[in-house]
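I have placed the structure first, in the form of structure tokens, so that the comments after it can refer back to it.
Each value in this text was obtained by applying a stated rule to the coordinates, not by laboratory testing. Bear in mind the structure is a predicted one, so any value in this text is a computation, not a measurement. Positions of Cβ are backbone-derived with ideal geometry, glycine not excepted, and every protein chain shown enters the neighbour counts.
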Amino acid sequence: MSLLGSIRDSLAKTRAGLFGAVAAAVSGKRALSPDELAALEERLLLADVGLAATERLLAAVREGPADQDAAARLRAGMRAVLDGAPPAREDGAAAAGPRVWLIAGVNGSGKTTSAGKLSHLLRSAGRAVMLAAADTYRAAAAEQLRLWADRTGADFIGSRPGADPAGVAFDAVSAAAARGSDVLLVDTAGRLHTQRHLRDELAKVRSAIAKRLPGAPHRTLLVLDGTAGQNGLSQARLFSEAVPIDGIILTKLDGTAKGGVVLAIAEELKIPVAYVGTGEGPGDLRPFDAGEFVDGLIPRTADGGA
Ligand code: GDP
């Protein structure tokens, strides 16, 4: 079945880039020649799989079980890389008070759109959602978030330009509790004068939320632009220094041939990809599924096996 905006569809460019040239080489063959291995390595690096994961995948292809062809070994290697990161925790627990999800990421990564799509996903599951604009620097960002709230039937908490983001987040938790919201999504600033300011502010927002509701935020999600490739890895490292990141939302998978960055993230950061963005519409956000991802990159063949 091919769903519009599915992970498989959004991987079309990456799949073509990765396998356009090497499909013949990897499927059906037990052993690859040095030239074929080198071609595969080049393709993996071009798809932004990163050095570390590429080395593991090549080792899997060279040393995998004798009864598997190279494609099956590559698939198994990808699964092993993805399974090396802890699984993305679902946040279904129904303790008293709202579940608070903090959304971080640099401007342009697709942060506001992803908050809107998350709202859609949660609303579709029958949850009461509140969106809070704690990016008090960009009036346009707050306005965009308000539109997403309207569009998805969520409540919205705005802020005055220049207001203290930690105070806005604190008040938003109170508002969500008063309203009986199930999930509060807090959108944060994506650009400040320096990276240090950005980190400090995020940490402040996080502690204000924890002060108002012990145990919160229950999830801290980092939005990364899937087209930014390796640059996304440095952003993730930077944000991780400020707050513990539980999961990544990788956006614009549909617009890139570099979807292999998912493997680099798992291998190098050990942070799970929780969701992927597969388009610009409200429904274009999918919970990440390692099996679906690997199938999307290397189609299963009749003889290719598991
Ligand atoms: P922010 O500055 O991080 O809040 O970024 P926005 O949410 O405004 O998104 C920046 C642009 O990326 C907008 O044009 C979005 O429609 C687009 N965008 C976000 N996510 C996706 C995605 O998964 N796929 C595609 N194709 N575009 C996306």
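Can you tell me the length gained on complete extension of the stretch residue 289 to residue 163, counting 0.36 nm per residue apart and subtracting the Cα distance? Intermediate results must be reported in sequence, preceding the final value.
Numbers: separation 126, 0.36 × 126 = 45.36 nm, distance 3.86 nm.
Full-extension gain reported as 41.5 nm.
Please give the peptides 72-84, 242-254, 202-214 ranked by average Cβ packing (other Cβ atoms within 10 Å per residue), highest first, as a rough proxy for protection.
Details: 72-84: 20.8, 242-254: 23.4, 202-214: 18.5.
Top of the packing list down: 242-254, 72-84, 202-214.
To the nearest 20 debye, what is the magnitude of the charge dipole of the range 181-221 about its Cα centre, counting +1 on the Cβ of each Lys and Arg and -1 on the Cβ of each Asp and Glu? Each step should come with its number before you reach the end.
Values: 8 positive and 4 negative charges, 36 e Å.
Once rounded to the nearest 20, the dipole reads 180 debye.
Quick one: of the DSSP bridges fully inside the chain, what percent are antiparallel, nearest 5?
On the way: 3 of 28 bridges.
If we restrict to bridges inside the chain, about 10 percent are antiparallel.
Using a 7 Å offset from Cα along Cα-Cβ at residue 210, what residues in the range 241-257 end up with backbone N under 15 Å from the label point?
241-246
For the residue pair residue 38 and residue 191, what label-to-label distance in nm results when each label sits 7 Å from Cα along the Cα-to-beta-carbon direction?
Once both label points are built, they end up 4.3 nm from each other.
Would any residue of the range 92-136 have its amide N under 11 Å from a label point 7 Å out along Cα→Cβ of residue 179? List them or say none.
Zone members listed by number: 128-133.
Return the distance in nm (one decimal) between the two label points of a simple spin-label model at residue 143 and residue 31, each offset 7 Å from Cα along Cα→Cβ.
Here the answer is 6.6 nm between the modelled labels.
If packing is taken as the average number of other Cβ atoms within 10 Å across a peptide's residues, how do 28-39, 117-128 rank, most packed first? Mind dumping the intermediate values first?
Values: 28-39: 13.2, 117-128: 18.1.
Put in order of decreasing packing, that is 117-128, 28-39.
Taking 23 Å as the cut-off for C-alpha to C-alpha distance, list the pairs among 117/204; 117/211; 13/252; 204/270 that go past it. Can you show the working numbers first?
Numbers: 117/204 26 Å; 117/211 28 Å; 13/252 11 Å; 204/270 25 Å.
Beyond 23 Å: 117/204; 117/211; 204/270.
By average Cβ neighbour count within 10 Å, what is the ranking of 256-267, 42-53 from highest down?
Numbers: 256-267: 25.7, 42-53: 20.6.
Descending packing order for the listed peptides: 256-267, 42-53.
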